[in-house]
Amino acid sequence: MVHHNFYVITGGPGVGKTTLLHELEKRNYRCMPEAARRIIQEQMAQNGDALPWENKARYAELMLEGSVNLYKQADQGTVTFFDRGIPDVLAYVRLTGLPLTETLTDALTSFRYHPLVFILPPWKEIYATDSERKQTWEEAVATFEVMKEAYTGYGYTIVEVPPMEVGGRADFVLQTAGLR
């Protein structure tokens, strides 16, 4: 089932997704957090190994589970922006060479977002690594390309959000989505 009021904001690491989502929240839009970063934080706090630089398969499982749970928790009657979507798990699986599972395939077809997906392209001027974001700039660019392929392969239309100050990015997303 497609939820036309569920919008995904995605992109590689360090492109300003979270900042954009905070701006949308300030404008009274519902936003769902990114499952992947929460998993990394929890695993690091617990000395777990379900991390993208350790147990990649377990990390992908937890990412899928978290993404599906966020989808199910969202109010179907409310415009909601998601910090990443289920196809991001597919991109991760492809980037790491993990096998495509039936569980992931089922989730990709069962839990559908609005056909327009907003993707933030790599932006070198704001890119930075931290304890949870360890990808190099080159890996960030490659991630962006694989993410576009993952979404378009499942029938989504990619809309690139131009690099600009966060208010302009929020205006762009809302105008493109027909929400203002």
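The values are calculated or read from the model by the stated rules, or taken from the named source; none is laboratory data. Keep in mind that what you see is a predicted model, and the values were worked out from it rather than measured. When we count neighbours, we look across all protein chains shown, and the Cβ atoms used for this are built from the backbone with ideal geometry, even at glycine. Note: areas computed on protein heavy atoms with side chains; ligands, DNA, RNA excluded. Shrake-Rupley method; radii C 1.70, N 1.55, O 1.52, S 1.80 Å.
Quick look at the numbers
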read-out	value
Tally, over segment 1-36, of residues that are closer than 15 Å to ASP171 by Cα and not basic (Lys, Arg)	12
Residue in segment 123-161 that is least open to solvent (accessible area, probe 1.4 Å), counting only those that are among the small types (Gly, Ala, Ser) and modelled with pLDDT of 80 or more	ALA150
Which listed residue, of ALA60, ALA50, is touching a helix residue (DSSP H, G or I) at 6+ places or on another chain (Cβ under 6 Å), under 17 Å from LEU108 (Cβ atoms) and not β-branched (Val, Ile, Thr)	ALA60
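Here is a yes/no grid of residues against (1) open to solvent by less than 50 Å² (accessible area, probe 1.4 Å); (2) without any contact (Cβ under 8 Å) to a residue 40 or more places away in the chain:
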{"residue": "ILE40", "(1), (2)": "yes, no"}
{"residue": "LYS56", "(1), (2)": "no, no"}
{"residue": "MET63", "(1), (2)": "yes, yes"}
{"residue": "LYS72", "(1), (2)": "no, yes"}
{"residue": "LEU90", "(1), (2)": "yes, no"}
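Yes or no, residue by residue, for (1) modelled with pLDDT of 95 or more; (2) charged (D, E, K, R); (3) part of a loop (DSSP other than H, G, I, E, B); (4) within 17 Å of TYR154 (Cβ to Cβ):
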residue: TYR7; (1), (2), (3), (4): yes, no, no, yes
residue: VAL15; (1), (2), (3), (4): no, no, yes, no
residue: HIS22; (1), (2), (3), (4): yes, no, no, no
residue: GLN43; (1), (2), (3), (4): no, no, no, no
residue: ALA50; (1), (2), (3), (4): no, no, yes, no
residue: GLU61; (1), (2), (3), (4): no, yes, no, no
residue: PHE81; (1), (2), (3), (4): yes, no, no, no
residue: PRO87; (1), (2), (3), (4): yes, no, no, yes
